[in-house]
Amino acid sequence: MARVASGGELAAALLMLLSYPCLVIAALLPSLWFFAAAGAVSYVTDWYLHQRRSYLINRLSKARAGLSLRFLLRELTLVLLMAQLNLANSRAFSAAIVCFLVFYGMQAPHSALITLIRNRRKLPFGTRNIDLSGMRITKAPSPVLISRAAEKMLHLDLFAVIGLLIYAKDGHLAYVYAGAALTLGLGIVYTLALAPYLTRRRLPAKTDEALAFMDTWLRAYRPTTVLYFSGSPDSAYQVNMWLDTMADLPGERPLVILRERAILLQLADTAVPVLCVPGAVHLMNMDLSTVRVALYPANVGKNIHLLRVPSMKHVFVGHGDSDKVASINPFSKAYDEVWTAGKAGRDRYALADVGVRDEDVVEVGRPQLAGIAAWDGAAASGIPTVLYAPTWEGWTDEPGNTSLILAGANIMRGLVGSATPVRVLYKPHPFTGTVNPKAKRAHEKVVAVLEKANAERAADPDWSARIAEGKAVQAAARAELASIQGELDSLVAEVTSAEGDMATMSRDSMADPELTARLAELRGRWNAAYWRSLSAWEHKVVTGPMPHLYECFNESDAMVSDISSVVSDFVATGKPYAITDSAQLGEEEFKRQNTAARAALVLDNSASRVGELVTAVVSPAGDPLAGPRREIKQYLLGPDHPTSIERFTAAVRELAHKADIRLTQQAALGQTGDADLLGGPTAQAR
């Protein structure tokens, strides 16, 4: 329920929760030392959980046990302790009551100032790689003042609490007054220190001024192609996969438009201008008149805010091409065109009959796959590596969505127990377990199987020589990896050093070619060091954005997955792969319904045939699916020549030309009022 991330966090959570009944008991006994100890534990554990950004803190707030209430409870138990110590009639008791009343009265103006500063510093947009030097963006308040402000303010009560505890022990009233004076004085200073940041000269440009500046920039930059995205922070990968493609469009002036500030923070490195506009009205009133093509990686409700613009052509490009139902969403007919990787995507829409016309489907390939290394057809050397990359359970939670729940542990047991030893890489989907708790438990079972297999290999004398091999190389690689990670963290911290102040981050986030090149170099070195740091015999759970899934493709010799774009992309490697029929359709029906499965080894939920995949890796000459894989690659992804980026660029230019034709005809119609201008075949180009 607490969703703690570590044993230390769990211990802190339990100690914090136990400290409150201990404070009450200590006050009732009364026991000054017991109370002081319980109070110290309460303060320290609360602070630690805030430092770790524990989910429990959020849950306590939802349960009406938020930060302010927790501090108030500690102070009330202190008042109770003084009463039990027969100090209720003393001046110290009255001073404590007055101090805490005034202190909590100060929370309101302090909180109001923090809220006002944050709201008034919030621009109507966030940016990257857009020069905002002509717009007034003042320096943000120091993180000392703004970051975790409520927590810092409330912790000032420590002086008053310590003063009262010392008085309760030795009776010196001066400690009470000194503690109260420090608590209230510092609280007043903290509050007054925030006030200047609400003056005109300390605030950035107002909304109207900022929007006018952005329209001026848009008219000067004249963007032609827009990548538009809206989604949750976890879905940032869907837009990140298109950033390099946007940067590689020759002769175009690309622009990325985002709708959520959280996505802007999750966006990968890019030199393309990025504009984040959370407000629908602000977006709809921006000058995007030069944009001719808008690309949409996801079908979401906020797309309508750009789809309504008639001066541009709208294209659904998606974030993966697969046989999933999501790849034939009926909403796709809202776009002018739907771009697919190969003919398979075109045929899916034709068979689904969801209203997408064949002439509106364009095959452009998958530009993102340029970095995937093609298999040379040779047998794997050493210990083969098999990648297990299941998709997530999906919003519909249908049994065929993911193999993880019904077959994941069986797949793992089959691979780690293979007669031909293999190394397994397990890369779960980032959404795994977000809808169905069974998926999370299944993921944990898979991880447990791999950990057990690693422990058994480490204890097996027959493996001792293999395990000893390369230990020095792996240790050196791990040291290099730590060094590279430290430099990466440092460079990323420089970019996001504004402590969440979006105005300052936008001002300072201009593209730096040297920094971009350095980050790319470091990430390349990081990937190389990461794979060198792993033992050839050791199974590995691979999570997080690095290494990328495509890096896992290049590292592996085969893959087990589900019906998803992961399979369609893996087809580019030419390597053997297996797909699990979790819905138990039967192999024949499963292959009929799912194009990518026609060149795959189909597994049932028992995964009893997974050994055949390993055989195909070590004996490729006898692999009956090698030919079908070559055929399905072209069907799913299109031809190798011209390259995908060339086809993608041509599609952008052709659609932009259609948009220009339409605008010319609309202008002519407006001048003449002649509806026949829209009647010819050229005029009807979409």
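Each of S133, S464 has some number of other Cβ atoms within 10 Å of its Cβ, and from fewest to most they run S133, S464. Per-residue Cβ neighbour counts within 10 Å put H429, H548 in the sequence H548, H429, beginning with the fewest.
Amide H contacts under 5 Å for G318: Y296, A298, restricted to partners 5 or more places along the chain or on a different chain, H placed in the peptide plane at 1.01 Å from N. Site pair R136 and A262 shows an inter-label distance of 3.3 nm when each label is modelled 7 Å from Cα along Cα→Cβ. Spin-label model, E444 to L29: label points 7 Å out along the Cα-to-beta-carbon direction sit 3.7 nm apart. Using the Cβ-Cβ distance between A511 and A40 with R0 set to 56 Å, the FRET efficiency works out to roughly 0.70. Residue by residue, the range 127-140 carries 3J(HN,Hα) couplings of 9, 9, 6, 10, 6, 9, 5, x, 10, 6, 10, 7, 5, 6 Hz when phi is fed to the Karplus relation 6.51 cos²θ - 1.76 cosθ + 1.60 (θ = phi - 60°); x denotes Gly or Pro. Placing R0 at 41 angstrom, the Cβ-Cβ distance between R202 and M546 gives a FRET efficiency of 0.60 after rounding to 0.05.
Evaluated on the range 308-409, the Kirkwood hydrodynamic radius is 16.5 Å, with distances taken between all distinct Cα atoms. Long hydrophobic helices in the chain, taken as whole DSSP H segments with a C-alpha length of 30 Å or more on their own axis and mean Kyte-Doolittle hydropathy at least -0.5: 7-28, 91-120, 173-194, 471-495, 644-672. Post the alpha-carbon centroid distance, the range 560-608 to the range 324-394, in whole angstrom. Spelled out, the Cα-based centre of one part sits 14 Å from the other. Legend: ranking of residues I467, I579 from fewest to most surrounding C-beta atoms inside 10 Å; resulting order I467, I579. Counting only the backbone N, which residues of the range 30-63 are under 20 Å from the spot 7 Å out from the Cα of K152 toward its beta-carbon? Output list for this probe position: 43-54. Say a paramagnetic label sat at a point 7 Å from the Cα of H50, along Cα to Cβ; which residues of the range 65-85 have their backbone N under 19 Å from it? The answer is 65-78.
Think of it as helices only: each DSSP H run of n ≥ 4 in the chain is worth -39500 (n - 2.57), and spread over all residues that comes to -16500 deg cm²/dmol at 222 nm. When the Cα atoms of the range 471-534 are aligned to their principal axes, the ranges along those axes come out at 48, 23, 12 Å in descending order. For D557, the residues whose amide H sits under 5 Å from its own are T385, V386, L387, ignoring neighbours fewer than 5 places away on the same chain, with H placed 1.01 Å from N. Stretching D170 away from A352 to a fully extended chain increases their span by 57.2 nm, per 0.36 nm per residue minus the current alpha-carbon distance. The alpha-carbon of K438 sits under 16 angstrom from the alpha-carbons of these aspartates and glutamates, leaving out residues fewer than 8 places away in its chain: E393, D397, E398.
Residue separation of A373 and A65 scaled by 0.36 nm, minus their Cα-Cα distance, works out to 105.5 nm of gained length. Taking 17 Å as the straight-line reach from the Cα of K540, the aspartates and glutamates in range (excluding those fewer than 8 positions away in the same chain) are E444, E451, E456, E551, E555, D557. Each residue of the range 361-369 was assigned a 3J(HN,Hα) from its phi angle through the Karplus expression (A = 6.51, B = -1.76, C = 1.60, θ = phi - 60°), giving 9, 10, 8, 10, x, 10, x, 5, 8 Hz with x at Gly and Pro. Counting only residues at least eight positions apart within a chain, or on another chain, the lysines with an alpha carbon under 22 Å from that of K591 are K324, K343, K575, K633. Looking at the range 245-331, the trypsin sites (Lys or Arg not before Pro) that sit in a DSSP loop and have at most 16 other Cβ atoms within 10 Å of their own Cβ are R308. Across the range 224-235, computed HN-Hα scalar couplings (Karplus, 6.51 cos²θ - 1.76 cosθ + 1.60, θ = phi - 60°) run 10, 10, 10, 9, 10, 8, 9, x, 7, x, 5, 9 Hz from first to last residue, x flagging Gly and Pro.
On the beta carbon distance between L491 and R91, with R0 = 41 Å, the FRET formula returns roughly 0.10. Once backbone amide H atoms are built at 1.01 Å from N, T270 has no partners under 5 Å, excluding neighbours fewer than 5 places away on the same chain. Here the Kirkwood formula puts the hydrodynamic radius of the chain at 29.4 Å, using every distinct Cα pair.
When the alpha carbon gyration tensor of the range 200-310 is reduced to an equivalent ellipsoid, the three semi-axes, largest first, read 21, 17, 15 Å.
No lab work stands behind these numbers, since they all come straight from the coordinates. What you are looking at is a predicted structure, and each value in this text was computed from that prediction instead of being measured. Cβ: placed from backbone, ideal geometry, glycine included. Neighbour counts: every protein chain shown.
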